[in-house]
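Trainee: Starting off with a structure, shown below.
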Amino acid sequence: MSGKLVHNRKFGWRSTAGGVVGGSKALLADGQLFTSGPHHFMAMDEKTGSVGHAWIPGRQMVVAGERAYIATGTGRIIAVERKKNAQASTKRQKLFLKQGGLRGKPKELAELRKQMADLANAGVICSTDSRCEAALVLAGDVIYAGGDGEVIALEEATGKLLWSAKVQGKARGLAVAGNSLVV
């Protein structure tokens, strides 16, 4: 590694080009750089910075093999089949961009929104109701999530709640090491 800047692309959520997207969260998986803002992850090609692989609603995400685990920001933690979910997210984004052209056409807009809602569930393997969306980590077969006043552990395969613990404040960072969970 030389430290040389490879690319510095800037994109907006509401289109495939425009305002700055990103923040302090970034994941690399399968040649994609997943960058996030406060409510979404966007996948960019790792080498070129081109967009188009996925637009994923969520506040936290962990990628593991063919699955991703997402704290949605809407009161759910979901496990998804990555490829199916990513493909649906690109279709959903295209429909999202069409919404503006349907103002004054309530029937067409309602149908478009129904299609978007159906696509939002594509590839979802399991879903657990939870407001823990500040931190997310996978260790072995357990997903740990932290939020306001609470940390929870979920079974990776099913999303079943294994345990929960109260904490002071917001659990913003989680790490697993030496059979311990550090909050």
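Trainee: Output the Cα-based Rg and Dmax of the chain in Å, rounding Rg to one decimal and Dmax to a whole number.
Mentor: So, for the chain, Rg and Dmax equal 17.5, 59 Å respectively.
Trainee: Right, here's the next one. To test your reading of the geometry: what angle, between 0 and 90 degrees and rounded to tens, separates the Cα axis of helix 82-98 from the longest principal axis of the chain?
Mentor: The helix 82-98 is inclined about 40 degrees to the chain.
Trainee: Find how much the distance from Ser2 to Asp129 grows on full extension, using 0.36 nm per residue of separation minus their present alpha carbon separation; answer in nm with one decimal.
Mentor: My answer for the length gained is 41.3 nm.
Trainee: Using Cα positions and a limit of under 16 Å, work out the aspartates and glutamates in reach of Lys94, with same-chain residues fewer than 8 apart set aside.
Mentor: Filter leaves Glu108, Glu111, Asp118.
Trainee: Something else: Which angle between 0 and 90 degrees, to the nearest 10, do you get for helix 106-120 versus the longest principal axis of the chain when only C-alpha atoms count?
Mentor: Relative to the chain, helix 106-120 is tipped by roughly 40 degrees.
Trainee: Just the number, please: carbon plus sulfur as a percent of the accessible area of segment 42-183, 1.4 Å probe, no ligands or DNA/RNA counted.
Mentor: 50 percent
Trainee: Based on the Kirkwood radius over alpha-carbon pairs, what is the Stokes-Einstein translational diffusion coefficient of segment 119-183 at 25 °C with 0.890 mPa s viscosity, in µm²/s?
Mentor: D, rounded to a whole number, is 200 µm²/s.
Trainee: Show which lysines lie in cross-link reach of Lys4 when reach means a straight Cα distance below 16 angstrom and same-chain residues fewer than eight apart are skipped.
Mentor: Output for Lys4: Lys47.
Trainee: Using DSSP to define loop residues, name the trypsin sites (Lys or Arg not before Pro) in segment 87-122 whose beta-carbon has at most 10 other beta-carbon atoms within 10 Å.
Mentor: Arg103
The values are calculated or read from the model by the stated rules, or taken from the named source; none is laboratory data. Remember, it's a predicted structure, so these values are computed and weren't measured experimentally. As a convention, Cβ positions derive from the backbone with ideal geometry for all residues, glycine included, and neighbour counts pool all protein chains shown. For the accessible areas, the whole protein counts, side chains as well, though only heavy atoms, and no ligand, DNA or RNA atoms are used. Shrake-Rupley method; radii C 1.70, N 1.55, O 1.52, S 1.80 Å.
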